[in-house]
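The values are calculated or read from the model by the stated rules, or taken from the named source; none is laboratory data. What you see is a predicted model, and the numbers here were worked out from it, not measured in a lab. Glycine gets a Cβ as well: all are built from the backbone with ideal geometry, and neighbour counts include every protein chain shown. When the accessible area is computed, the model is the full protein with side chains, heavy atoms only, and any ligands, DNA or RNA have been set aside. Shrake-Rupley method; radii C 1.70, N 1.55, O 1.52, S 1.80 Å.
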Amino acid sequence: METNTTGYTRLELILGNIAHQPDADAVVNAANAQLRTGGGVAGAIHRAAGPGLENECRPLAPIQPGQAVITGAHNLPNKYVIHCLGPVYGHDKPEDELLADCYRNALRLAEKNRVKSIAFPAISTGVFGYPIREAASIAIETIMKTIPELKEVKLIRMVLFAEKDLEIFREAYKKVSKPDTP
Ligand code: AR6
């Protein structure tokens, strides 16, 4: 686990399942535009939340790449789900800005709803095909740049699904926090 304190907000990098984060006020869904269940993160979140989540999502859809919307968490052990539509790599442009928008918009929405702790998956790095190294740099840089705006959010957790992905996020974190180190 990598932990950093910037002001009063901590960033954690862990190996785990986004649907099993009972101590997080909000979990982020790597959603589809229709906010329906799907594979990967969306499947895990909707399965654990139950059908009430899709019902609540219906009037909020469709969403655009980079956008974030918030709902209740239904049968998940959290207060909220923040649904982000990541860019499809090679299709939604500019993909780096759209991916950064996801993290920034999710954190701003969390702040507005007085969320104290939020857990993110690695948005766009599964079905949407974003190379994990590039996505990790964008995620970490955007989180670190947004932290100074945050007063309510005290804990930001990146939940990686594979050991190698966790390692890549750790490397990205080291580069962002010590940019002069080769
Ligand atoms: N917990 C944490 N991370 C996970 C989990 C989990 N339970 N399951 C997968 N990952 P993806 P995307 C990792 O495909 O690329 C869906 O079908 C996974 O290894 O969930 O944004 C939606 O309906 C990868 O690193 O999201 C959309 O159509 C990362 O989470 C589309 O896929 C994201 O993988 C969204 O694609």
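Quick look at the values:
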quantity: Derived scalar couplings ³J(HN,Hα) [the stretch 99-105; Karplus, 6.51 cos²θ - 1.76 cosθ + 1.60; whole Hz; x for Gly, Pro]; calculated: 5, 4, 4, 4, 5, 5, 5
quantity: Surface/4 of the Cα convex hull for the stretch 2-177, nm²; calculated: 8.5 nm²
quantity: In order through the stretch 123-134: 3J(HN,Hα) via Karplus (6.51 cos²θ - 1.76 cosθ + 1.60), integer Hz, x for Gly, Pro; calculated: 4, 6, 8, x, 3, 7, x, 6, x, 4, 5, 5
quantity: In order through the stretch 156-164: 3J(HN,Hα) via Karplus (6.51 cos²θ - 1.76 cosθ + 1.60), integer Hz, x for Gly, Pro; calculated: 10, 10, 8, 9, 9, 8, 9, 4, 5
quantity: Stretch gain in nm, segment residue 145-residue 162, where the contour uses 0.36 nm per residue and the Cα spacing is subtracted; calculated: 3.6 nm
quantity: Hypothetical label at residue 33: residues of the stretch 66-96 whose amide nitrogen lies under 13 Å (7 Å Cα-Cβ projection); calculated: 66-67, 85-88, 91-93
quantity: Additional length obtainable on full extension of the chain from residue 127 to residue 112, 0.36 nm per residue less Cα span; calculated: 2.4 nm
quantity: Cα-based reach from residue 116 at 15 Å (exclusive), listing aspartates and glutamates while leaving out same-chain residues under 8 positions away; calculated: 12, 23, 25, 149, 152
quantity: Gain in span if fully extended, residue 91 to residue 75, counting 0.36 nm per residue against the direct Cα distance; calculated: 2.4 nm
quantity: Across 112/154; 112/178; 145/175; 145/178, pairs whose alpha-carbon gap is larger than 21 Å; calculated: 112/178
quantity: Global form of the stretch 69-160, assessed from the alpha-carbon gyration tensor, a/c cut-off 1.5; calculated: prolate
quantity: Surface per residue (accessible, 1.4 Å probe) for the stretch 2-177, Å²; calculated: 45 Å²
quantity: Surface share of carbon and sulfur [accessible, 1.4 angstrom probe, percent] for the chain; calculated: 53 percent
